[in-house]
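Inspection log for the structure reproduced underneath, given as structure tokens.
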Number of protein chains: 4
Amino acid sequence: MNSFGRIFRLHIFGESHGTHVGICLDGVPPGIYLTQTDFDADIERRKPQAVGTTKRKEKDVPIILSGVFNNYTTGAPLTIVFTNEQHNASDYHNMTYHYRPGHSDFTTHVKYKGYNDFRGGGHFSGRLTLPIVAAGVVAKKIIKPIEISAKITSIGGTTTDFEDIIQSVVNENDSIGGIVQCVVSNVPVGLGEPFFDSLESLLAHAMFSIPGIKGIEFGSGFKLATMKGSEANDCFINEQGKTKTNHSGGIIGGISSGNDITFSVVVKPPSSIGKTQFSYHWATKKIEALTITGRHDACIALRVPIVVEALTACVLADCMLIQKSCG
Amino acid sequence: MNSFGRIFRLHIFGESHGTHVGICLDGVPPGIYLTQTDFDADIERRKPQAVGTTKRKEKDVPIILSGVFNNYTTGAPLTIVFTNEQHNASDYHNMTYHYRPGHSDFTTHVKYKGYNDFRGGGHFSGRLTLPIVAAGVVAKKIIKPIEISAKITSIGGTTTDFEDIIQSVVNENDSIGGIVQCVVSNVPVGLGEPFFDSLESLLAHAMFSIPGIKGIEFGSGFKLATMKGSEANDCFINEQGKTKTNHSGGIIGGISSGNDITFSVVVKPPSSIGKTQFSYHWATKKIEALTITGRHDACIALRVPIVVEALTACVLADCMLIQKSCG
Amino acid sequence: MNSFGRIFRLHIFGESHGTHVGICLDGVPPGIYLTQTDFDADIERRKPQAVGTTKRKEKDVPIILSGVFNNYTTGAPLTIVFTNEQHNASDYHNMTYHYRPGHSDFTTHVKYKGYNDFRGGGHFSGRLTLPIVAAGVVAKKIIKPIEISAKITSIGGTTTDFEDIIQSVVNENDSIGGIVQCVVSNVPVGLGEPFFDSLESLLAHAMFSIPGIKGIEFGSGFKLATMKGSEANDCFINEQGKTKTNHSGGIIGGISSGNDITFSVVVKPPSSIGKTQFSYHWATKKIEALTITGRHDACIALRVPIVVEALTACVLADCMLIQKSCG
Amino acid sequence: MNSFGRIFRLHIFGESHGTHVGICLDGVPPGIYLTQTDFDADIERRKPQAVGTTKRKEKDVPIILSGVFNNYTTGAPLTIVFTNEQHNASDYHNMTYHYRPGHSDFTTHVKYKGYNDFRGGGHFSGRLTLPIVAAGVVAKKIIKPIEISAKITSIGGTTTDFEDIIQSVVNENDSIGGIVQCVVSNVPVGLGEPFFDSLESLLAHAMFSIPGIKGIEFGSGFKLATMKGSEANDCFINEQGKTKTNHSGGIIGGISSGNDITFSVVVKPPSSIGKTQFSYHWATKKIEALTITGRHDACIALRVPIVVEALTACVLADCMLIQKSCG
């Protein structure tokens, strides 16, 4: 479904090469001060800026259609849309027979019986993360004083000096994957609703909606497979529940423990590469060479941190509102 | 929340040391042949059998309270309960002041203001995975001919011959983590509903409800961070969309591609260990030695595969019913 | 679906002639004092007592399977079941070909392809209102000091002295309809979430799940069709929003106004009557005489008030928890 | 909440005097032919045309933001917005202290702590029924060959020749209520999901979201309170389940029986009347005379039939998609 959340709810819509992308936020508490400039910083962070990011340039001005009155949220649905200005649909003419490897062309064509808007990935485009960033701006105001910070921790296996490796794959018309880590501080104890809505479940659910994410781990994550309980247990050291270590990533029993929430996600290398690939052609019924043209990110991981922050904020806003209702 | 799913829905209830654990399944199609013996094999697989699993022994007989008539599902809610026969609550007397490290004692005490049933983890116990296994039995019938197989791939970092390492942590009164891999075959193309209900989102949401799971990766997972697009892209080789490699784990754009779905989850070492730990004591307001007695699993990963299978089946059943409605 | 509510959620299950009926309540706040005797008064009110009510007698003892610990709710799902002791399935042998007029036999047979448990109406039986009454007991504790009172206002068109008219239809082996009115006092201003979850929408949704309800009106209801705005408008008379009249039934713009919530529901005459009817027979393919035997209510309206109260309490509990989260 | 539906879902947004009103439809099957002109007829029917309807004139052109590609639905969210061109906010200056009787001013002010957009009723305005009519256009295409027809059956108690009574209340600066009846034909057997999602529950839930609706009755409705079972029972007369009478309004046991679905709703007289009223003034703390100026409908019932049709279509579309998934 294109909705997420229980009290604070996101309804997303739009396509990469349609007229607009947007989001309708329901369950926004009334009385939150909100102006268009509040969105500037986060939207700027999402824009392609470095080497390795697409040359598609959009103004990305948020247009608030509803839910704000005299610069305050009203409690009614808050809808934000963005205009798609730079369409370049001619790049996409041959993909209905020669589906791009690793790309959603094939699965969406089958699922939607050929009616999906295939241009630029349509509804499955990374462009949809723009309204998510806008939603995050609203959510961050709800969850104050919780602070969220996501950043790249490795690209192509390198944990420092990413620029060289990216320039190298750009030169090869290739792409590269990476890892983004998120740290959340000032978290109250008690967020998350097990059994099925553990904080890990909700955060993972949200993260895997970001195109290209293929894994997530909390705290020490996959390293926990090699650890003993006596090593992995985070011993409490004070009355507030602060722990000496934080292997659990701030979530115990699916509920926030008050320690920093930490998790990492892996972002796959973008599927759209200029380098020639050999893949089945549905018209010729043969495996044929395929070279993808157009504007693409060589390392989409670079643009993911602000999206991770936004969705983390949305999940926590929802959990805080739920907790308020039951607490 | 204690519900999961959109059409095929699970509503779970019960506590480790209450009288029952159970599950109410809604959205079960009518006309599925179902008898008590159908549950035997999967419930047996969940039972503690090997070294490193708890000595708590339960009969685990599924009692069907509703939704089955003359051995066929009726379309009405299907409720299954299990009796808890072996209570041993005296083991848990001191945990309200000296919360066990890594355990949900502290977070649940705060979240539920001290009213939670703390005995044996209460509603947060691994015992709740028993009704989930029962739900999986029903789901597996719905998704035929899809086949699901989960198994341990490593324990304590060892990928072969786990028994020694487990015996060793048992001897030390310690515990150990592990990794469980799941492979799903015979999957139709088209399952999953992006934007927010990608197949990865749904599977991850479900997996992180299993106590002790701290990470999940699909296909090549975290290795994708080190790969180039030209390496990671799965090139199509035939009309059905079969791919030469399967780095994407059978899910592209959040939708099943018809290739095997593959994912791995990490299971942390159980928090309840006999080995002495030092943790804050809320009554004495000092860090004190804590030794946990009682029956526990030294390696809960051993018991997780059937639970992973069950929840995978539930997710896929839900997606198939959704897809039928829109297809 | 067999679920209702957003924060305070009901999941109902069971069949008239299965082993149990029950309900799983999720979203119950922790710390509510609750014992088995709390259920006595409301369950007693639901029992058939007067002339015109069925002779089926059940003990109706609530068995709490989960969610209560040391007599307080824990915040985990609260599941309550009731044993069905008096089965008398032999009364129902011929209905698979000769569907009872006005009864769910035909529609459920088609919808569930013949797999539904048809005995006594199965999952569609009025017996399912028993767990609803139990849910209402819990909800009433959540919504204090709100008071709910439902009562019969007319039977067969008579607003006084119902006993004669009921005895008369009993003598004729017939049945009779009636009207139940509900008044809710001490309601805070602000409950209800338009646009789609107006308080009228939620209450109506709940009421129409009660078997036999075919209409609902709030405040002056259908009389409003004959009124002018100058007559129907409830003028405010004090700072708390109290109004001189209450034609709106305490709900304005879908939101509680603080005035008494008032609504009435019509309960149709029970379909199962001893009097001979002529209806199509699916085996003989002719219209044939049908005489229904068995234990039935001649005036189910008599047993509806406590069910109306229970569902009203559930709706208000849900709205109060939602309002707490956003307020 | 501002969402409705389970598979076919409506997310509504906008305010009377904001820049836009709109709706996001999720769960729309791919491949439905849809162009802007498809909306013309139903939008035209909603426009104020007769005496007794507001003089506010809007172009009401549907702008499709997403979900349609090459004139076919794509399966992605379908968002439709309308521009509000005629704002006249100066009419609404005094209502924050002198709340209009019968109007949502007071309840929304309290619920949203004064942050709601009060101009023209804001999010609670009848203007929100415009995107609902648009949703209905899409839904009607999904449910073919089901036919829905709603019409006025009485105004001010008169069942014929409404024009005189309306002109009379217009002359008095007053308003008048009415009744709208809806008939649905070509309905398949089996729609509706009891226990809580009976077809009556879903239709009533939807209808009570229309501003001004205060009652609903199915089939013979409130008259059933005066009827005996032998009179009210609809006897089957053929193999398809056609019944001799239709007192149940085509819904038995909460499930469509294949007979025409019939129901009526009562529409209260509009609250905004030019005639002087006396109501409490929150600033002067006295009951004061209040005269409402501005453009208003004297008989909003006249504009309700197309809205009733639209929401009926949405409910049936949702039920049909659900039924497809389980059938």
### Task
Any aspartates and glutamates with Cα under 16 Å of the C:Lys151 Cα? List them, leaving off those in the same chain fewer than 8 positions away.
C:Asp42, C:Glu44, C:Asp161, C:Glu163, C:Glu217, C:Asp260, C:Glu309
### Task
Go through segment C:8-87 and name the chymotrypsin sites (Phe, Trp or Tyr not before Pro) that are in a DSSP coil and have 13 or fewer other Cβ atoms within 10 Å of their Cβ.
none
### Summary
Once amide hydrogens are built 1.01 Å from N within the peptide plane, the residues lying 5 or more places from D:Ile252 or on another chain with amide H under 5 Å from its amide H are D:Ser257
### Query
Excluding B:Val183 itself, what net charge comes from residues whose Cβ is under 9 Å from its Cβ, given Lys and Arg +1 and Asp and Glu -1?
-1
#### Entry: A:Asp164-D:Glu85 pseudo-label distance in nm [points 7 Å out on the Cα-to-Cβ vector]
6.3 nm
### Query
In this model, which of D:Lys59/D:Lys268; B:Lys111/B:Lys285; A:Lys324/C:Lys214; C:Lys111/D:Lys268 are farther than 25 Å apart at the alpha-carbon?
D:Lys59/D:Lys268; A:Lys324/C:Lys214; C:Lys111/D:Lys268
### Query
Reported to two decimal places, what Rg/Rh ratio describes segment D:137-180 when computed on Cα atoms with Rh from the Kirkwood expression?
1.24
#### Entry: Shielding by partners, peptide C:25-32 (average Cβ within 10 angstrom, other chains)
5
### Query
What does a probe at B:Glu58 reach in segment B:272-293, counting residues whose amide N is under 19 Å from the point 7 Å along Cα→Cβ?
B:272
### Task
Rounded, prolate or oblate: pick one for segment D:97-222, where a ≥ b ≥ c are the square roots of the eigenvalues of its C-alpha gyration tensor, a/c under 1.5 means rounded, and failing that, prolate if a/b is larger than b/c, else oblate.
oblate
## Note on the structure
Honestly segment D:275-315 on the Cα gyration tensor test (a ≥ b ≥ c root eigenvalues; a/c under 1.5 rounded, otherwise a/b vs b/c for prolate or oblate) is just prolate
#### Entry: Peptide-level mean, for B:60-72, of C-beta atoms on other protein chains within 10 Å
5
### Query
Could you work out the helix-only [θ] at 222 nm for the protein assembly as shown, with each DSSP H run of four or more residues adding -39,500 (n - 2.57) and the total divided by the number of residues, to the nearest 500 deg cm²/dmol?
-6500 deg cm²/dmol
## Note on the structure
Summed over the other residues with a beta carbon less than 12 angstrom from that of D:Leu321, with K and R at +1 and D and E at -1, the charge totals +2
## Note on the structure
Taking Cα pairs closer than 8 Å and at least 6 residues apart, the relative contact order of segment A:3-325 in percent is 24 percent
### Query
Considering only the other residues whose Cβ falls under 14 Å of the Cβ of C:His11, what net charge follows from Lys and Arg at +1 and Asp and Glu at -1?
-2
### Estimated FRET transfer efficiency when R0 is 22 angstrom, pair A:Gln240-B:Phe278 (beta carbons, to 0.05)
0.80
#### Entry: Two-decimal ratio, the protein assembly as shown, of alpha-carbon radius of gyration to 2.2 N^0.38 Å
0.91
### Task
Could you point to the residue in D:Ala76, D:Ile7, D:Pro62 farthest towards the positive end of segment D:1-158's charge dipole, with +1 and -1 charges on the Cβ of Lys/Arg and Asp/Glu respectively?
D:Ile7
### Query
Using a label position 7 Å from Cα in the Cα→Cβ direction, what is the ascending list of nm distances from C:Lys286 to the same site in the other copies?
7.3, 8.3, 9.5
## Note on the structure
At the level of C-alpha centres, the distance separating segment C:21-83 and segment B:268-287, in angstrom, is 39 Å
### Message
Students often forget the sequence filter, so: which aspartates and glutamates lie under 12 Å Cα-Cα from B:Lys113 once same-chain residues fewer than 8 apart are removed?
### Response
B:Asp105
### Message
Nearest 10 degrees is fine. How inclined is helix D:129-142 to the longest principal axis of chain D, computing both from alpha carbons?
### Response
10 degrees
### Query
Which order do peptides A:14-26, D:278-290 fall in by mean Cβ count within 10 Å, highest first?
A:14-26, D:278-290
### Query
What ranking do B:Met320, B:Met1 get, fewest neighbouring Cβ atoms within 10 angstrom at the top?
B:Met1, B:Met320
### Task
Once you have a ≥ b ≥ c as the square roots of the Cα gyration tensor eigenvalues for segment C:11-51, tell me rounded if a/c is under 1.5, and otherwise prolate or oblate according to whether a/b is larger than b/c.
oblate
### Message
Straight-line reach from C:Lys223: which aspartates and glutamates fall under 12 Å, measuring Cα to Cα and dropping same-chain residues less than 8 apart?
### Response
C:Glu231
### Message
Over all directions, how big on average is the projection of the convex hull of the alpha-carbon atoms in chain D, in square nanometres?
### Response
18.5 nm²
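Bear in mind these aren't lab numbers, they're just calculated from the coordinates by the rules spelled out. Bear in mind the structure is a predicted one, so any value in this text is a computation, not a measurement. Counting neighbours? That spans all protein chains shown, and the Cβs are built from the backbone with ideal geometry, glycine included.
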